[in-house]
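Heads up: the structure comes next, in structure tokens.
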Amino acid sequence: MAEGEILWQSSDAVWQASHLAHYVQWLSREKRLSFHDYAALWQWSVRDIPAFWQSVWEYFALPQPDELVEIMSSDPMPYTRWFAGARLNYAAHVFKQATDERPALWFAAEDKPLRPISWQSLLQRVAGLQYFFQQIGLQKGDRVAAYLPNTPEATIGWLATVALGAVWSSCSPDFGVQGVLDRFRQIQPKILIAADGYVYQGKRYDRLQQLKSICEALPSLECVILVSRIHDEATWQDIHPRQVGWEDAVAGGSRRAPVSADVQVVEVDFSHPLWILYSSGTTGIPKAITHSHGGMLLEHLKYLAFHNDVHAGENFFWYTTTGWMMWNFLQASLLMGATAVLYDGHPAYPDMGVLWRLAAQVPIHHFGTSAPFLMSCRKVGYKADSQQLATLRSIGSTGSPLPPEGFEYVYQSIKPDVWLCSMSGGTDICTAWVGGCLWRPVRSGEIQCRCLGCSMYAYDENGKALDHEIGEMVVTAPMPCMPVYFWNDPDFTRYRESYFEMYPGVWRHGDWIRITEHDGVIIYGRSDATLNRQGVRIGTAEIYRVLDRLPEIRDSLIVNIELPGGNSYMPLFVVLSSGMELNEGLKQKIREALRNSCSPRHVPDEIIAVDDIPYTISGKKLEMPVKKLFLGMPLERVVQPGVLRNPEALRVFETIAQSWRNRFSGD
């Protein structure tokens, strides 16, 4: 299947019923603005930025402030301020969707059957938890941290927190102690909500000892709320002087909340912190990225309506943990009147079909996952029964670039008439820069559009915008979803260093992209992991795409080490499929595939078999840390161990790198 080939287009009926079509009609009727295609609409949204975001505010009927507000300050990024004087609360717009007609949540886990959580039950528990929070003395601006799997307790805890104007922050329970402390020490939480363990791939993992260590290292904690996931409450050890079980907490604590207690909502400034997310921490202490109530509210309404077309009454799913920004994005579906579908467990246990069966059972209208999951399904030849997925409208893919083979697989083996929404964004903005567009066809290997309000371009090294060429992904104008600040970064030093050093005044995101002839987007991987091979820059995604086609290879990682005299060493590491052997014949097949599909420069200098590829907990390959090992940096300095999903894999690379350095120095 050729890159750029049209695979799907929405029907006229789907387009006319879409939020984006209604918005275009609203702009014509209310603002006397007419647009003949998406490109014209996008150009207006990034040219007249205040008018665009004001229109989003009005279209979604957000409450008008008592006085006129400045929509967007004249300050450059990262100091731009939005809707100064406006007051709101993100959670209030979730609670507006409460109804008896459909559940608030669906929940299933590896070891638990699917069940609904009604709005009545959810709101009652939110109100009870808020009552308990207030007994603890939780104030607006205080932090509530969570060490929880993707379960209803996390959603309830989040809503109870942010509705009171406190600030939410979460890690999944597979994080190690140091990984948790590297995050939560920065924000000094007053309350910790934590599970006693978790279940993954059929195994039960006790976390009580880890919790005790975490609590001892967080002196700011005034209370710990324990959630029973694998233990009976009676068996819990004491991990904090003031600990309480979840059921007691949501009932209001020792002073029981009145059964009729209502959820409380505290209005806050537009820029008041909503939650704190974290960068991966592979190169140092994770950045504590802080987003605002107003910025997230506007952005999530915009994306979920105009770029994902989520409607009230639909079921919205994304496979995620509480340690990935997609968990926050999943909660945002509640703003649209959708029911959020939560799943706790391994995405391929007991087999690759578990999530697709969940999609049929619920049934799910919008199914979100990662590109590696789709490629893994393809690798094992999984084929869904598309008739059982009749309700499925869209499949969202993110986390890494989805190659054309992934697009082909979805349409041939999952559902031929589904809207495949490849998207890309980041923890930095808790949304997508680029994503779906019903006004355009789905083309193989391409993300459909730059999102409304996102002034994105590909730059060369001199800061010149490129047409249809690969360059650094930049955003040249502010957006409300950009962080209001990093926690404990009062002079914005880390913030500026993270995004604005390469191109002053322009956000450099760190992805290698191309704006296509169709005005779509192709992402070639992280620009900081780009392979500079004989003066030619190569995206690692190009190489992984070719290797994903080879049935003998289950996974791979490649780095390029620059050597004195302009030379380089480019090793390729491969995890073989079951029963395969890395003999000379397979090595030659790999070399020929890369030479024929890419170029001779893409052919590695050495191919090495390993048992596993190192990943972060959020599923990112550790290309840069591996490269640093080869450059001689000690393991303890290349990555924070608490962010690793499989730390033992990196230790193998340390041994390989040491052996290579010994060999290289002896050459």
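The values are calculated or read from the model by the stated rules, or taken from the named source; none is laboratory data. Given the structure is predicted, the values throughout are model-derived calculations rather than measurements. A quick note on method: Cβ atoms are made from the backbone with ideal geometry, for glycine too, and the neighbour counts reach across all protein chains shown. Heads up: the accessible areas ignore ligands, DNA and RNA and are worked out on the full protein's heavy atoms, side chains in. Shrake-Rupley method; radii C 1.70, N 1.55, O 1.52, S 1.80 Å.
Excluding D555 itself, calculate the net charge of residues whose Cβ lies under 12 Å from the Cβ of D555, where each Lys or Arg counts +1 and each Asp or Glu counts -1.
On the way: positive: K379, R554, K621; negative: D548, E552, D611, D612.
Result for the neighbourhood of D555: -1.
Once you have the Kirkwood Rh of region 49-173 from its Cα pairs, apply Stokes-Einstein at 10 °C and 1.306 mPa s and quote D in µm²/s. Walk me through the numbers on the way to the answer.
Details: Rh = 17.1 Å.
Estimated diffusion coefficient is 93 µm²/s.
Per residue and in cubic angstrom, what volume does the convex hull of the Cα atoms of region 587-667 have?
Numbers: hull volume 9.2 nm³, N = 81.
Value for region 587-667: 114 Å³ per residue.
Report the local net charge at D142: Lys and Arg +1, Asp and Glu -1, summed over other residues whose C-beta lies under 13 Å from its C-beta. Write out the running numbers ahead of the final one.
On the way: positive: K140, R143, K190; negative: E222.
Net local charge, D142 excluded: +2.
Would you mind checking region 617-659 for residues with the amide N under 12 Å from a putative spin-label position 7 Å along Cα→C-beta of Q201?
Taking a point 7 Å out along Cα→Cβ of Q201, the residues of region 617-659 whose backbone N falls under 12 Å are 645-649.
Say R0 is 35 Å: what FRET efficiency, to the nearest 0.05, do E216 and T493 get from their beta-carbon distance? Write out the running numbers ahead of the final one.
Details: r = 31 Å, r/R0 = 0.88.
For E216 and T493, the calculated efficiency is 0.70.
What is the dipole size for the chain, taken about its Cα centre, with +1 at each Lys and Arg Cβ and -1 at each Asp and Glu Cβ, in debye to the nearest 20? The partial results should precede the final answer.
Values: 60 positive and 72 negative charges, 67 e Å.
Taking the Cα centre of the chain as origin, the dipole is about 320 debye.
Considering only protein heavy atoms and a 1.4 Å probe, what is the carbon-and-sulfur percentage of the accessible area of region 173-216? Kindly include the intermediate steps, with their values, before the conclusion.
Details: 680 of 1680 Å².
With neighbouring chains kept in place, the figure for region 173-216 is 41 percent.
With 10 Å bins from zero, work out the P(r) of region 246-347 over every alpha carbon pair and list the percent per bin.
Using 10 Å bins, I get a P(r) of 12, 30, 37, 19, 2 for region 246-347.
Per residue, how much accessible area does region 112-174 show when a 1.4 Å probe rolls over the protein heavy atoms, in square angstrom?
Numbers: 1640 Å² over 63 residues.
Here the residues of region 112-174 average 26 Å² of exposed surface.
How are the alpha carbon pair distances in region 454-575 distributed across 10 Å bins from zero to the largest one, expressed in percent?
Cα pair-distance distribution for region 454-575, in percent: 12, 33, 31, 20, 4, 0.
Among L594, A649, F630, flag the residue with its Cα farthest along the positive direction of the charge dipole of region 585-667, charges on Cβ as +1 for Lys/Arg and -1 for Asp/Glu.
L594
Around G445, under 10 Å between beta carbons, what's the net of Lys plus Arg minus Asp minus Glu among the other residues? Kindly include the intermediate steps, with their values, before the conclusion.
Details: positive: R443, R545; negative: E3, E5, E405, E408, E446.
Here the count lands on -3.
State, as an integer percentage, the relative contact order of region 516-667 based on alpha-carbon contacts under 8 Å between residues 6 or more apart. Walk me through the numbers before you get to the answer.
Numbers: 202 pairs, mean separation 28.1, N = 152.
Normalised by residue count, the contact order of region 516-667 is 18 percent.
Excluding residues on the same chain fewer than 8 positions from K587, give the lysines whose Cα lies under 26 Å from its Cα.
Within the straight-line limit of under 26 Å, K587 reaches these lysines: K379, K620, K621, K627, K628.
In Å, what Kirkwood hydrodynamic radius results for region 104-188 from the alpha-carbon pair distances? Write down the numbers at each step before the final one.
Values: mean 1/r = 0.0713 Å⁻¹.
This gives a value of 14.0 Å.
Would you mind computing, in nm to one decimal, how far apart the modelled labels at A312 and D111 are, each placed 7 Å from Cα along Cα→Cβ?
My value for the distance between the label points is 3.9 nm.
Starting from the Kirkwood radius over alpha-carbon pairs of region 267-314, derive D by Stokes-Einstein at 4 °C in a medium of 1.567 mPa s and give it in µm² s⁻¹.
Numbers: Rh = 12.7 Å.
Stokes-Einstein gives a translational diffusion coefficient of 102 µm²/s.
When Rg is the radius of gyration of the Cα atoms in region 323-416 and Rh is its Kirkwood radius, what does Rg/Rh come to? Intermediate values should be presented prior to the final figure.
Details: Rg = 13.0 Å, Rh = 13.9 Å.
Rounded to two decimals, Rg over Rh is 0.94.
By what distance, in whole Å, do the Cα atoms of the chain stretch along each of the three principal axes, largest value first?
In descending order, the Cα extents are 75, 65, 55 Å.
Which one of N308, L374, A51 is farthest out on the positive end of the charge dipole of the chain, using unit charges on Cβ (Lys, Arg +1; Asp, Glu -1) and the Cα centre as origin?
The residue sitting most towards the positive pole is L374.
When the C-alpha atoms of region 377-506 are aligned to their principal axes, what extent does each axis show, in angstrom, from largest down?
Largest first, region 377-506 extends 55, 35, 30 Å along its Cα principal axes.
Express in nm, to one decimal, how much length is gained between D75 and E584 on full extension, taking 0.36 nm for each residue of separation and deducting their alpha carbon distance.
Values: separation 509, 0.36 × 509 = 183.24 nm, distance 5.98 nm.
Additional length available on full extension: 177.3 nm.
How much space per residue, in cubic angstrom, does the convex hull of the C-alpha atoms of region 526-667 take up? The partial results should precede the final answer.
On the way: hull volume 16.6 nm³, N = 142.
Per residue, the Cα convex hull of region 526-667 comes to 117 Å³.
Stokes-Einstein D for region 6-107 at 25 °C, 0.890 mPa s, Kirkwood Rh over Cα pairs, in µm²/s?
Values: Rh = 16.8 Å.
In µm²/s, the coefficient rounds to 146.
What is the Cα coordinate range of region 61-103 on the first, second and third principal axes, sorted by size from largest, in whole angstrom?
So the three principal-axis extents are 45, 25, 13 Å.
Taking only the alpha-carbon atoms of region 198-316, what semi-axes of the equivalent ellipsoid follow from 5 times the gyration tensor eigenvalues under a square root, in whole Å, largest first? Don't jump to the answer; show the numbers that get you there.
Working: eigenvalues 196, 104, 73 Å².
They are 31, 23, 19 Å, listed from largest to smallest.
What is the extension gain from R47 to A390, computed as 0.36 nm multiplied by their sequence separation minus the C-alpha to C-alpha distance, in nm to one decimal? Could the numbers behind the result be given before it?
Numbers: separation 343, 0.36 × 343 = 123.48 nm, distance 4.00 nm.
Net length gain for the segment: 119.5 nm.
Where the only charges are on Cβ atoms (+1 Lys, Arg; -1 Asp, Glu), what is the dipole of region 1-56 about its Cα centre, to the nearest 20 debye?
Working: 4 positive and 6 negative charges, 78 e Å.
Dipole magnitude for region 1-56 comes out near 380 debye.
Would you calculate the volume per residue, in Å³, of the smallest convex hull containing every Cα atom of region 172-238? Can you show the working numbers first?
Values: hull volume 5.4 nm³, N = 67.
So the per-residue hull volume is 80 Å³.
Given a cut-off of under 8 Å on Cα pairs at least six residues apart, what relative contact order in percent is computed for the chain?
Across the chain, relative contact order equals 14 percent.
Starting from 0 in steps of 5 Å, tell me what percent of the Cα-Cα pairs of region 398-473 lands in each bin.
Per 5 Å bin, starting at zero, the Cα-Cα P(r) for region 398-473 comes out as 3, 14, 20, 24, 19, 11, 6, 2, 1 percent.
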